[in-house]
Amino acid sequence: MSRFSQFKWILCAGLLFQQSVAFARISIEPFVSISSTKQIKPDKAGSNKSDSTSGAATETETIKQRTTYGLRATVGLSKLFKFQLGVGQNELTTTSKTSAAVDDYGEIDFEKDLDMDTSDPEKEVTIKETQRKASAVLAIDPSFSIFILRAKAGVIATQRLFSKEADGQEPISFESPITYKPTCGAGAGVKLGRAMYFLAEYSLFLYKFPEKSPFEREVSVSYGIRF
């Protein structure tokens with residue numbers, strides 16, 4: 001092989017290596033999100049009863065909000081595709097009557113798992129829930145001048161920790177198994193310089209697809225730094 005051919009191969013390899021390094025840039029994104037969980041369920045006191053005037057079964061709609069703080073790391077696979085890992089945690093404390101204490105996601109049986117006494121439906125119970133979340137997401141992340149667009153889909157793993165307090169009873173703690181659910185979303189942002197950007201995203205989680213309830217939607221904002 002001639003010196004000129006060797007030089008061409010070395011030059012091509014160097015350009016490819018430089019391009020792959022550019023693609024593999026890492027971004028760190030501290031984020032905060034507000035998620036809204038909507039649950040539509042039959043009346044617990046009489047799920048088989050019908051409304052006396054309309055003949056329809058009574059339903060209760062509840063919406064709860066959770067604020068999650070966390071950190072995401074994004075690795076560029078190409079100019080368009082990126083792989084993202086994230087972790088976060090949120091806490092929510094609710095006080096309600098035992099007759100209305102039902103898991104928003106339909107995954108936990110409070111009477112069984114939290115040893116909740118329902119003999120007095122008017123008795124108040126306080127339940128504190130901590131959610132630990134980890135996500136793995138593939139994102140399509142094109143950039144236009146100073147603007148950023150993002151579409152993403154992936155899986156989120158959630159572990160839920162509960163503590164229950166009620167008058168006349170010992171506090172009870174319960175740790176649920178880790179669950180895995182699909183997630184998808186979209187976002188838009190603006191570059192603040194060559195290495196910094198601000199991003200707002202909307203995500204959707206369907207916990208019992210194809211059923212519509214329960215589901216959770218999330219709005220998050222993040223501040224990214226590229227390395």
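Note on region 73-116: residues that are touching a helix residue (DSSP H, G or I) at 6+ places or on another chain (Cβ under 7 Å), of a type outside the set (A, V, I, L, M, F, W, C) and closer than 20 Å to PHE174 by Cα amount to 1.
May I ask you to verify whether SER52 is assigned to a loop (DSSP other than H, G, I, E, B) and at pLDDT below 85? Here the answer is yes, as SER52 does meet what is asked. In the set LEU92, LEU85, only one residue is in a strand (DSSP E or B) and in contact with an Asp or Glu (Cβ under 6 Å, 6 or more places away or on another chain); that residue is LEU92.
The lone criterion from (1) touching a residue at least 40 places away in the same chain (Cβ under 8 Å); (2) within 18 Å of LEU92 (Cβ to Cβ) left unmet by TYR197 is number (2).
Does VAL137 qualify as being among the aliphatic types (A, V, I, L, M), outside any loop (DSSP other than H, G, I, E, B) and out of contact with any His (no Cβ under 9 Å at 6 or more places or on another chain)? So VAL137 passes the test.
Against the numbered list (1) within 14 Å of the chain's Cα centre (by Cα); (2) closer than 25 Å to THR95 by Cα, PHE174 comes up short only at (1). Which of the following residues is in a strand (DSSP E or B), surrounded by 15 or more Cβ atoms within 10 Å (Cβ to Cβ), charged (D, E, K, R) and touching a Ser or Thr at 6+ places or on another chain (Cβ under 6 Å): ARG160, ARG150? Answer to the selection: ARG160.
When residues in region 118-146 are screened for being loosely packed, with under 13 Cβ neighbours inside 10 Å, of a type outside the set (A, V, I, L, M, F, W, C) and farther than 20 Å from SER203 by Cβ, 5 of them pass. Of the residues making up region 182-212, those that are modelled with pLDDT under 90 and surrounded by 15 or more Cβ atoms within 10 Å (Cβ to Cβ) are PHE205, LEU206, TYR207.
The values are calculated or read from the model by the stated rules, or taken from the named source; none is laboratory data. In this text, all values refer to a predicted model and were calculated from it rather than measured experimentally. All Cβ positions, even for glycine, are placed from backbone atoms using ideal geometry, and neighbour counts span all protein chains on display.
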